[in-house]
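Student: Below you'll find the structure I mean.
The values are calculated or read from the model by the stated rules, or taken from the named source; none is laboratory data. All of these numbers come straight from a predicted model, not from anything done at the bench. Backbone-built Cβ (ideal geometry, glycine too); neighbour counts: all protein chains shown. The area values use the complete protein model at the heavy-atom level, side chains included, leaving out ligands, DNA and RNA. Shrake-Rupley method; radii C 1.70, N 1.55, O 1.52, S 1.80 Å.
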Amino acid sequence: MPKTIFEHSSEGRRGVRLPTREIDTPLQDLIPAQYHRKHPARLPEVSEMDVMRHYIKLSHCNYFIEKGMYPLGSCTMKYNPKIHETLVHNSCFANLHPYQPESTLQGALELLYELQEDLAEISGMAKVSLQPAAGAQGEFTGIKIISAYHKAKGNLHKTKVIIPDSAHGTNPATCKLVGYDVVELKSNSAGRCDIARLRDLVDENTAGFMLTNPNTLGLFETQIEEIAEIMHSVDALLYLDGANLNALLGIVQPGKIGFDIMHFNLHKTFSTPHGGGGPGAGPVGVVEKLVPYLPVPIISKEQDNYLLDYAHEATSIGKVHTFYGNFAVLVRAYIYIKMLGAEGLRRISENAIINANYLKTLLRNTYHIQHQEYCMHEFVADGSKQKKEHGVNTMDIAKRLLDKGFHAPTVYFPLIIPEAMMIEPTETENLESLNAFAQAMKEIAQEAKENPELLHEAPLSTPVRRVDDARAVKELDPIFKIK
Ligand SMILES: *Cc1c(COP(=O)(O)O)cnc(C)c1O
C-alpha cells in the first residue's frame, strides 16, 4: 500500500507560503482570542510535488475506464467524453444558484426541457421527469406512479408486482419499499419470460410487471406485445428497467411496444463517470395516461419562455429530489445526446451489440455459455467448467483478471446462472482491446488447468490483495489504518 499523506509529512515543509509581509494586521489579532488554537492543527506538512505524487500514486491503485477495459455487465462502463467535464465545470452552469429567479435561469431550463423531450423521443414515452438521482430512485418513482395510478382508479385490491428471477436486486427492493408484495417469475429455458407461467401468476391483484430488456442475460425479450396484452387485460402496468438501454438506442422505442413506464440510467447509457455509489440520474418516462402522476415540477415551454411547471401538482406523487435533480449529470447527458444526434445514438447501440457478440464468439470455446444465441450488448459466460474440472471458481477468475490489467466482469449475477460472469464490453472498446481481454481470459483458463493454486491466490499484483469481503465492509479499520 502507498503511504498516507501524513506519512509523507516533514516538519516545516510547505506547498504554499502566504505573503506575510504584506498583511498589516497579523491574522491572530483579527480573530478573538477564545478561538485561537491551543495546539497547531494536525495537518500534513508537504510540498506541492509531494501532494501531486501522492495523489497520482493513489489514482494508480484505483481502476478506471481511462486505465483499461471495464467490462462490468449491466453497468455500462463506457468511455466518458472529457468535453462533458469541461462544459460542466467551466461554463456558467457551474455558477448558477437554484434559488435564482426563473427568468435568469432560462438557459439551464432550456437545456433541461430539451433533454426531457429528447429522452421522450428516444424512449417513445409521452413525458419524462428528470428528477430521480439514480436508477434505483427512478424505480422507486416509477412504482410510486403505478401505485398512484391504481389509487386514483380505486384499484385498491392490487397488492402485487411480478418480477423475473433474472432481475436486478433493486427491483424487488423498490416494490417492497412502496408496499407491494413481490411475486417471482421463473425464466424459461431460453433465458426469457415464461409466458405460460406469467399467465398463471397474473390476476386481478396484479399492479404491475417489472421487466429488464434486454434482460440481464443480454437477451432481448421478444414477446413484449403479448406480455403487455396480458398485463393490460387486468389493468396492470408494464414497467421497463431501462438500465440496458445501451442496446436499444435508435432501434427500439419501449413506449411504442407496450411498456407504460420506464427509468433511464443516464450515468450508464448517456455517459457520466459512475461507480462507487454515484453520481447518477434516473429520469422516468411514462405514457400519456400516467403523466398526471409524474413528480413536480416538470419543465414546460410557453412561447419562448421555459418554466417550472406545477400544473399537475394535485395528482402528482410529489417531489423526489431537491431543485432540478442531479443537474451536472443531466448536462452531461444533454451534451452527449446533442453531439451524437439520432444517427450517432443508433451507432452506439449497434456497435455495443457487435462488440459483445464478437467477444462472446472469442470466448465460447473456453468458457461455458448457457445461452449460445446472438446476444445484445452483453452476455453471460460462467466458470462452471473451470470449477468442475479444476476447482477454480468465478471469483478466482475475476481476481486473476485484475493481475492481467482488466477490471473484472459482474460476477455471480444474474443469480440464475451458477458461477456467472456478465460481460459488457460497450461500444467504446476497439478491436485490439477486445482481443486482449479475450486473450487474458484464455490465459486464465489455461492457468486454471496447470496451476489452480495461483488462481486461488490471485490477485498477486494489486495494492490490496484478496480481502474478506464481509469483514472489509464491517471492519474498515484493520485494512485502512491511519497512524
Ligand atoms: C444499474 C442497474 C440498476 C440500478 O441503477 P442505479 O443507477 O445503480 O441505482 C437497476 N437495474 C439494473 C438492471 C441495473 O443494471
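Student: Name the single residue that is least open to solvent (accessible area, probe 1.4 Å) among those in the stretch 161-176 being farther than 21 Å from M422 by Cα and within 11 Å of the ligand (Cβ to nearest atom).
Tutor: T174
Student: Another question about this same structure. Checking the structure you have, find out if any residue of the stretch 270-288 is more than 21 Å from H312 (Cβ to Cβ) and charged (D, E, K, R).
Tutor: For the stretch 270-288, residues more than 21 Å from H312 (Cβ to Cβ) and charged (D, E, K, R): absent.
Student: Looking only at helices (runs of 4 or more DSSP H) that lie completely in the stretch 399-483, which have at least 2 residues being farther than 22 Å from K57 by Cβ and among the hydroxyl-bearing types (S, T, Y)?
Tutor: Ranges flagged: none.
Student: Let me ask something additional. List the residue pairs whose Cβ atoms are under 6 Å apart, where the first residue sits in the stretch 298-322 and is assigned to a loop (DSSP other than H, G, I, E, B), the second is of a type in the set (G, A, S), and the two are 6 or more positions apart or on different chains.
Tutor: These pairs meet every condition: I317/A148; H321/A133.
Yes/no matrix, rows are residues, columns are (1) open to solvent by less than 100 Å² (accessible area, probe 1.4 Å); (2) more than 47 Å from the chain's Cα centre (by Cα); (3) of a type outside the set (S, T, N, Q):
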{"position": "H8", "(1), (2), (3)": "yes, no, yes"}
{"position": "E11", "(1), (2), (3)": "no, no, yes"}
{"position": "R14", "(1), (2), (3)": "no, no, yes"}
{"position": "L18", "(1), (2), (3)": "no, no, yes"}
{"position": "T25", "(1), (2), (3)": "yes, yes, no"}
{"position": "Y35", "(1), (2), (3)": "no, no, yes"}
{"position": "A41", "(1), (2), (3)": "yes, no, yes"}
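Student: Moving on to the next point. Quickly run through the stretch 435-471 and pick out the residues that are charged (D, E, K, R), under 28 Å from the mean Cα position of the chain (by Cα) and exposed (fewer than 15 other Cβ atoms within 10 Å of the Cβ).
Tutor: Of everything in the stretch 435-471, those that are charged (D, E, K, R), under 28 Å from the mean Cα position of the chain (by Cα) and exposed (fewer than 15 other Cβ atoms within 10 Å of the Cβ) turn out to be R465, D468, D469, R471.
Student: Can you find a residue that is in contact (Cβ under 8 Å) with a residue 24 or more places away in the chain and under 26 Å from L248 (Cα atoms) anywhere in the stretch 59-67?
Tutor: yes
Student: Scanning the stretch 77-100 for residues that are open to solvent by less than 90 Å² (accessible area, probe 1.4 Å), part of a loop (DSSP other than H, G, I, E, B) and more than 21 Å from K404 (Cα to Cα), which turns out farthest from the ligand (Cβ to nearest atom)?
Tutor: Among them, the one singled out is Q100.
Student: If we scan the stretch 328-344, do we find a residue that is in a loop (DSSP other than H, G, I, E, B) and open to solvent by 70 Å² or more (accessible area, probe 1.4 Å)?
Tutor: Scanning the stretch 328-344, I find no residue that is in a loop (DSSP other than H, G, I, E, B) and open to solvent by 70 Å² or more (accessible area, probe 1.4 Å), so the answer is no.
Student: Something else now. Give the residues of the stretch 292-317 that are small (G, A, S) and either under 24 Å from the mean Cα position of the chain (by Cα) or farther than 22 Å from I146 by Cα (or both), sorted by residue number.
Tutor: Hit for the stretch 292-317 is S300, nothing else.
Student: Would you pick out the residues in the stretch 245-280 that are touching an Asp or Glu at 6+ places or on another chain (Cβ under 7 Å) and open to solvent by 30 Å² or more (accessible area, probe 1.4 Å)?
Tutor: Listed by number, the list holds a single entry, I257.
Student: Kindly check whether there is at least one residue in the stretch 260-273 that is away from the ligand (no atom under 14 Å from the Cβ) and not polar (S, T, N, Q).
Tutor: The answer is yes, given that some residue of the stretch 260-273 is away from the ligand (no atom under 14 Å from the Cβ) and not polar (S, T, N, Q).
Student: May I pose another question? So how many residues does the stretch 177-208 have that are touching a residue at least 40 places away in the same chain (Cβ under 8 Å) and within 15 Å of the ligand (Cβ to nearest atom)?
Tutor: 2
Student: I'm trying to understand the selection: among the residues of the stretch 222-246, which are of a type in the set (D, E) and more than 13 Å from the ligand (Cβ to nearest atom)?
Tutor: Result: E225, E226, E229, D235.
Student: Looking for something closer than 30 Å to L340 by Cα, open to solvent by 30 Å² or more (accessible area, probe 1.4 Å) and free of Cβ contacts under 8 Å to residues at least 12 places away in the same chain - is there at least one such residue anywhere in the stretch 360-378?
Tutor: yes
Student: Next up: Look through S74, S103 and report the one residue that is in contact (Cβ under 8 Å) with a residue 12 or more places away in the chain and outside any strand (DSSP E or B).
Tutor: When all the criteria are applied, what remains is S74.
Student: Separate question: Quick check, is L109 within 30 Å of F264 (Cα to Cα), part of a helix (DSSP H, G or I), touching a strand residue (DSSP E or B) at 6+ places or on another chain (Cβ under 7 Å) and outside the structural domain of T428 (by TED's automatic domain parsing)?
Tutor: Criteria met by L109.
Student: Check L185, L237, L156 and return the single one that is surrounded by fewer than 23 Cβ atoms within 10 Å (Cβ to Cβ) and in contact with a helix residue (DSSP H, G or I) (Cβ under 7 Å, 6 or more places away or on another chain).
Tutor: L185
Student: Quick one: how many residues across the stretch 379-398 are in a helix (DSSP H, G or I), surrounded by fewer than 21 Cβ atoms within 10 Å (Cβ to Cβ) and touching a residue at least 60 places away in the same chain (Cβ under 8 Å)?
Tutor: Of the residues in the stretch 379-398, 2 are in a helix (DSSP H, G or I), surrounded by fewer than 21 Cβ atoms within 10 Å (Cβ to Cβ) and touching a residue at least 60 places away in the same chain (Cβ under 8 Å).
Student: List, please: which pairs have Cβ atoms under 8 Å, are six or more places apart or on different chains, and start with a residue in the stretch 129-151 that is within 9 Å of the ligand (Cβ to nearest atom) and end with one that is among the charged types (D, E, K, R) and in a helix (DSSP H, G or I)?
Tutor: G135/K268
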